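*Asks:* First the structure, then my questions, so here it is.
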Amino acid sequence: MTEISMAQALNAALRDAVKDDDRVLIFGEDVGPLGGVFRVTDGITADFGEERCFDTPLAESGIVGFAVGMAMGGFRPVVEMQFDAFAYPAFEQITSHVAKLRNRTRGALSLPMVIRIPYAGGIGGVEHHCDSSEAYYTHTPGLRVVTPGTPQDAYDLLRDSIDSPDPVIFLEPKCRYWSKETVSFTRDGAAMDRAVVRREGKDVTLIAYGPMVATAMETAEAAKAEGWDVEVVDLRSLSPFDDETVTASVRRTGRAVVVHEAAGFGGYGAEVVARVTEQCFHQLHAPVLRVTGLDIPYPPPKLERHQLPDVDRILDTVARLQWNDEPAVAGA
């Protein structure tokens, strides 16, 4: 077990996958000798050769289209889109072919491929570099969508994604690349389609994922001063959704707040709120609320702090959960 950053954990996962399986190939813009913009692929080309990790032209649609062909041919490609909004030129390939080929061929062909996308804000980037685009992918049947909130999950989820027989959109929270923790490489964590309870509590459930997991944990600590015992659930897998873990938590606490960076209108949190409300209605003491990014294009770096959910905004939302009211149903 070693203390490493999330970027280093991702690098270790890629290295171990390349070493363990000759079918794994890594390619994308600047992932070769440079090691990627965030150095996630640092040293892999030098250690394993250009036939296993190589650069491509600046053509995202071509990168994904090439990966489709490679996956159809028996390889397990892992491609990088460099930045979230850079993936949009490849969106037609992803939604029309990556997500649909298994169904189109009645299961005769599968696409075991991973599309790595550094996403979300918190790094002082400009537009096209800080999008939270998860809802586009989760709304597309045929794709698995996962996002780690910790270095340990970065390693485990990426290894599981590469081993998956299904195409996986792997969303990497850029602002957490430098966060560190002690990481085990034994791969004995939760399954890739399961949420986990990061912190137990009895008063309210904070539901978060990706970059907002650490923020939710900070909020839970700060909430002690207000007398609230906060539970934190890290979704990890956005699609498929782990109803069992999430609803079990909300039934225990009776209150819930969903936190994400993406814009609120039509955002991923709306689906979470709907599922929780439908399945936990009789146990809820208050409506399920959201804390999200603003419904605006991503702002310039100097204004970024106003866009991102923070501890104060989350605590203000928790305070609105009708703490003085009786439960919605007697005896709930």
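The values are calculated or read from the model by the stated rules, or taken from the named source; none is laboratory data. All values derive from a computational prediction rather than experimental measurement. We place every Cβ from the backbone using ideal geometry, glycine too, and count neighbours over all the protein chains shown. Surface areas here come from the heavy atoms of the whole protein model, side chains and all, with no ligands, DNA or RNA. Shrake-Rupley method; radii C 1.70, N 1.55, O 1.52, S 1.80 Å.
*Asks:* If you check SER133 against the conditions, is it within 23 Å of GLY293 (Cβ to Cβ) and touching a residue at least 24 places away in the same chain (Cβ under 8 Å)? So that I can check it myself, show each step before the final result.
*Replies:* On the way: within 23 Å of GLY293 (Cβ to Cβ): yes; touching a residue at least 24 places away in the same chain (Cβ under 8 Å): yes.
So SER133 fits the description; yes.
*Asks:* Do you know which residues across the stretch 146-169 are within 21 Å of PRO77 (Cβ to Cβ) and surrounded by fewer than 24 Cβ atoms within 10 Å (Cβ to Cβ)? First the steps, then the outcome.
*Replies:* If we filter the stretch 146-169 for residues that are within 21 Å of PRO77 (Cβ to Cβ), which is where we start, we get 146-148, 154-169.
Of everything in the stretch 146-169, those that are within 21 Å of PRO77 (Cβ to Cβ) and surrounded by fewer than 24 Cβ atoms within 10 Å (Cβ to Cβ) turn out to be ARG159, ASP160, ASP163, SER164, PRO165, ASP166.
*Asks:* Closer than 27 Å to SER132 by Cβ, surrounded by 17 or more Cβ atoms within 10 Å (Cβ to Cβ), in the same structural domain as THR138 (by the TED database) and free of Cβ contacts under 8 Å to residues at least 40 places away in the same chain, is that true of ILE63?
*Replies:* Details: closer than 27 Å to SER132 by Cβ: yes; surrounded by 17 or more Cβ atoms within 10 Å (Cβ to Cβ): yes; in the same structural domain as THR138 (by the TED database): yes; free of Cβ contacts under 8 Å to residues at least 40 places away in the same chain: yes.
Taking the combined requirement at face value, the residue satisfies it.
*Asks:* Working only within the stretch 171-191, note down all residues that are open to solvent by 40 Å² or more (accessible area, probe 1.4 Å), in a strand (DSSP E or B) and under 17 Å from ARG39 (Cβ atoms).
*Replies:* LYS180 - this is the single residue of the stretch 171-191 that is open to solvent by 40 Å² or more (accessible area, probe 1.4 Å), in a strand (DSSP E or B) and under 17 Å from ARG39 (Cβ atoms).
*Asks:* If you check THR150, THR182, THR138, which single one turns out to be in contact with a strand residue (DSSP E or B) (Cβ under 7 Å, 6 or more places away or on another chain) and over 21 Å from THR215 (Cα atoms)?
*Replies:* Details: THR150 fails: over 21 Å from THR215 (Cα atoms); THR182 fails: over 21 Å from THR215 (Cα atoms).
Unique residue meeting the criteria: THR138.
*Asks:* Look at the stretch 21-32 and say how many of its residues are within 19 Å of GLY73 (Cα to Cα), surrounded by fewer than 19 Cβ atoms within 10 Å (Cβ to Cβ) and not basic (Lys, Arg).
*Replies:* Final tally of qualifying residues: 2.
*Asks:* Scan (1) in the same structural domain as GLY264 (by the TED database); (2) surrounded by fewer than 24 Cβ atoms within 10 Å (Cβ to Cβ); (3) among the aliphatic types (A, V, I, L, M) for the single condition VAL204 breaks and write down its number.
*Replies:* So the condition that VAL204 fails would be (2).
*Asks:* If a residue counts only when it is open to solvent by less than 30 Å² (accessible area, probe 1.4 Å), of a type outside the set (Val, Ile, Thr) and not assigned by the TED database to the domain that holds CYS130, which helices (runs of 4 or more DSSP H) contained entirely in the stretch 223-316 have at least 3 such residues?
*Replies:* Working: elements: 243-253, 268-280, 304-307.
Counting at least 3 such residues, we get 268-280.
*Asks:* Among the listed residues VAL78, VAL64, VAL98, identify the single one that is of a type outside the set (S, T, N, Q) and in contact with a Pro (Cβ under 8 Å, 6 or more places away or on another chain). Write out each step before concluding.
*Replies:* Values: VAL78 fails: in contact with a Pro (Cβ under 8 Å, 6 or more places away or on another chain); VAL64 fails: in contact with a Pro (Cβ under 8 Å, 6 or more places away or on another chain).
Of the residues listed, the single one that is of a type outside the set (S, T, N, Q) and in contact with a Pro (Cβ under 8 Å, 6 or more places away or on another chain) is VAL98.
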